[in-house]
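S.K.: If you scroll down you'll find the structure; I have some questions about it.
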Amino acid sequence: MKLQQVSDNCFAVLNERNRVCDANSGLVNLGGGVVIDTQSDLPHARRMIELFGKVWPGMPKRVVNTHEDGDHVWGNQLFEGAEIIAHRTVRELMPKVADPRETQQLLKAAGRLPSRWLLKAVHPGALAIARQLQEDFDFDGIELVLPTTVFEERHVLDLDGTEVHLIYVGPCHQTGDTIVHVPNERVVFAGDVIFRECTPMGWNGSYEKWLRILDLIIWLDPEVIVPGHGPVCGIEGAMEMKAYLEYVREESNRCFGQGLTPLEASRKIDLGPYAGWHSPARLYMNVERAYREFRNEATDAPWDHAKTFDAVYAVAKAKGIPVEF
Ligand SMILES: [Zn+2]
């Protein structure tokens, strides 16, 4: 993990490995400080606090969660007594979406026999992601701490005269998606609206909405964007995400017309310039999302996680690329 200053008063802590759950955190170091997203586990959250601690005068009293996924909220408990701010839906959905027990149980099952054999036979993708998560994280001791302040469309913080705008943009990647804009410093903390140099994993929301929100970020004209995952960028990061989503939607549409399933389509679609991004087989999730739209299905239909990871695994195997989530 590394600390990076991105403007006079804004900072980022980046997880450079950039695999699943390697989420970034942000800091607006004014008015008592605001931390944006709190990492995937307690060791990473502690390291984030240590790195930001090099520049802040003391533990911030405010935290923003950009959405409800575990990799952005599982360090909340280390900010005791802080105001935790998020969109209304984040507080509603977090207990289900970010229940740490599901991940803890999967890792336990992967770690001992005979459940490991069973997992290997029935859900090889779930076993593979569990092994990867075991290498990178330690999910012990996580207790869910929910947002204490929720908002609907917008929420403005005044930090010693510098405004910080929380803008609700969901659902595009996930229901509660929020971006954090610091106009004076020309910085946007984009949450998982932007994945950089890694393949996006979107859950709820439509392509149309996601593309529209990427346009909004470009329109805000930031000098610096801190993505939810991957290195810091300028607006080219938003443009690349747009190009990826447009490419996958178009390719998926062609395959849909040929009667292929999402898995068959994902095997067939050329990774093109995105082969060099981390976890390219996560393509499957974006194809599946496109298919939901082509079939006029709900964009918030639930995902079978084990089956999804199996499909990502199968796509990696079919393409002859390393299995990476
Ligand atoms: Zn994330």
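S.K.: First check a/c for segment 99-202, with a ≥ b ≥ c the square roots of the eigenvalues of its C-alpha gyration tensor; if it is under 1.5, answer rounded, and if not, answer prolate when a/b is larger than b/c or oblate otherwise.
M.R.: Working: a/c = 3.03, a/b = 2.39, b/c = 1.27.
Here segment 99-202 falls in the prolate category.
S.K.: Then there is this: Between E50 and L144, what FRET efficiency follows from the Cβ-Cβ distance if R0 is 22 Å, with the result rounded to 0.05?
M.R.: Working: r = 23 Å, r/R0 = 1.04.
For R0 = 22 Å, the calculated efficiency reads 0.45.
S.K.: Just check segment 49-111 against the gyration tensor rule for me: Cα atoms, a ≥ b ≥ c as the square roots of the eigenvalues, rounded for a/c under 1.5, and otherwise prolate or oblate depending on whether a/b exceeds b/c.
M.R.: On the way: a/c = 3.08, a/b = 1.47, b/c = 2.09.
In terms of gyration-tensor shape, oblate.
S.K.: Here's something else I'd like to know. If N is the number of residues in segment 217-298, what value comes out of its Cα radius of gyration divided by 2.2 N^0.38 Å? Walk me through the numbers on the way to the answer.
M.R.: Numbers: Rg = 14.4 Å, N = 82, 2.2 N^0.38 = 11.7 Å.
Computed over Cα atoms of segment 217-298, the ratio equals 1.22.
S.K.: Which loop-located GluC sites (Glu not before Pro) does segment 28-82 contain, where loop means any DSSP state but H, G, I, E or B and the Cβ has at most 15 other Cβ atoms within 10 Å? Kindly include the intermediate steps, with their values, before the conclusion.
M.R.: Numbers: sites: E50, E68, E80; in loops: E68, E80.
Within segment 28-82, the qualifying GluC sites (Glu not before Pro) (loop, at most 15 other Cβ atoms within 10 Å) are E80.
S.K.: How many angstrom lie between the Cα centre of segment 135-162 and the Cα centre of segment 304-325?
M.R.: The distance from the Cα centre of segment 135-162 to that of segment 304-325 comes to 31 Å.
S.K.: May I pose another question? At 1.4 Å probe size, with the rest of the protein present, what percent of the exposed accessible area of the chain is carbon and sulfur atoms?
M.R.: Values: 6650 of 13370 Å².
In the chain, the share of accessible area belonging to carbon and sulfur is 50 percent.
S.K.: Please go through the residue pairs K120/K307; K61/K96; K96/K242; K61/K108 and name each one whose alpha carbons sit more than 24 Å apart in this structure. List each step's numbers first, then the result.
M.R.: On the way: K120/K307 13 Å; K61/K96 26 Å; K96/K242 29 Å; K61/K108 35 Å.
In this structure, K61/K96; K96/K242; K61/K108 lie more than 24 Å apart at Cα.
S.K.: Return one whole number: the accessible area per residue of segment 186-270 in Å², for a 1.4 Å probe. Mind dumping the intermediate values first?
M.R.: Details: 3280 Å² over 85 residues.
Solvent-accessible surface per residue comes out at 39 Å².
S.K.: How much of the DSSP bridge set in the chain is antiparallel, in percent, rounded to the nearest 5? List each step's numbers first, then the result.
M.R.: Details: 25 of 40 bridges.
Counting DSSP beta bridges with both partners in the chain, the antiparallel share is about 60 percent.
S.K.: Using alpha carbon centroids, what distance separates segment 1-68 and segment 249-301, in Å?
M.R.: 33 Å
S.K.: May I ask you to give the solvent-accessible area per residue for segment 1-151, in square angstrom, as obtained with a 1.4 angstrom probe?
M.R.: Numbers: 6470 Å² over 151 residues.
Here the per-residue accessible area is 43 Å².
The values are calculated or read from the model by the stated rules, or taken from the named source; none is laboratory data. Predicted model, so just to flag it, every value in this text is computed and none were measured. All Cβ positions, glycine included, derive from the backbone under ideal geometry; neighbour counts span all protein chains shown. Areas reflect the complete protein model, heavy atoms only, side chains present, ligands, DNA and RNA absent. Shrake-Rupley method; radii C 1.70, N 1.55, O 1.52, S 1.80 Å.
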